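Student: One structure, pasted below without further comment.
The values are calculated or read from the model by the stated rules, or taken from the named source; none is laboratory data. Just so you know, these numbers come straight off a predicted model, no measurement behind them. When we count neighbours, we look across all protein chains shown, and the Cβ atoms used for this are built from the backbone with ideal geometry, even at glycine. Surface accessibility is based on the protein's heavy atoms, side chains included, excluding ligands, DNA and RNA. Shrake-Rupley method; radii C 1.70, N 1.55, O 1.52, S 1.80 Å.
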Amino acid sequence: LLSLCETVASRMRSDDKCGSCLTVHLRTNAFHHFSHQSRLLGSTNITGEIYREACRVFDEAWDGETPLRQIGVQMTQLSGEPYQQYDLFYDVQALEKEKAMQKAMLEIKRKFGKNAILKGMNLEEGGTTIERNRQIGGHKA
């Protein structure tokens, strides 16, 4: 799920877009499709925020037993400008630091390729990000 959220967030950042509605799509091994969605308080393209909400929606949607064949994450209600609704305890400086880090990562990936920066978990057995980054639209060419 994290890998999917990273891909969605990265694509939105590269297009200077933010989304405010998250949808998690699930397909069972019997090819039954269902999805759940959630509207965020503000628009975002921050991986961590998208991932936290995707986990919550996934846990709400999946019964924990039905075998899944496919999982998808989608952001809609796209806009060109992010807007955030903060509470009194929100760490705005941490958000700005995260945005700057993700912008730097995007520039490195543009210059050196999608596999230039990876999370350690992508190097473990079963990690799919490296292989998916070599594909076109997630499919073998």
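Student: Would you mind giving the three semi-axes, in whole Å and largest first, of the ellipsoid equivalent to the stretch 27-77 according to its Cα gyration tensor?
Tutor: The three semi-axes for the stretch 27-77 are 23, 11, 9 Å.
Student: Further question: Which peptide among 11-19, 64-72 comes first, and what is the full order, when sorted by highest mean count of other Cβ atoms within 10 Å?
Tutor: Result, highest mean first: 11-19, 64-72.
Student: Ignoring ligands and nucleic acids, what accessible area does Lys114 show with a 1.4 Å probe (Å², nearest 10)?
Tutor: Rounded to the nearest 10, that gives 120 Å².
Student: Just reorder Phe89, Phe112, Phe34, Phe58 by solvent-accessible area, largest first, 1.4 Å probe, all chains present.
Tutor: Solvent-accessible surface, decreasing: Phe89, Phe112, Phe34, Phe58.
Student: What lysines sit close enough to Lys111 to cross-link, taking a C-alpha to C-alpha distance under 21 Å and skipping anything fewer than 8 places away on the same chain?
Tutor: Within the straight-line cut-off, Lys111 pairs with Lys17, Lys99, Lys103, Lys119.
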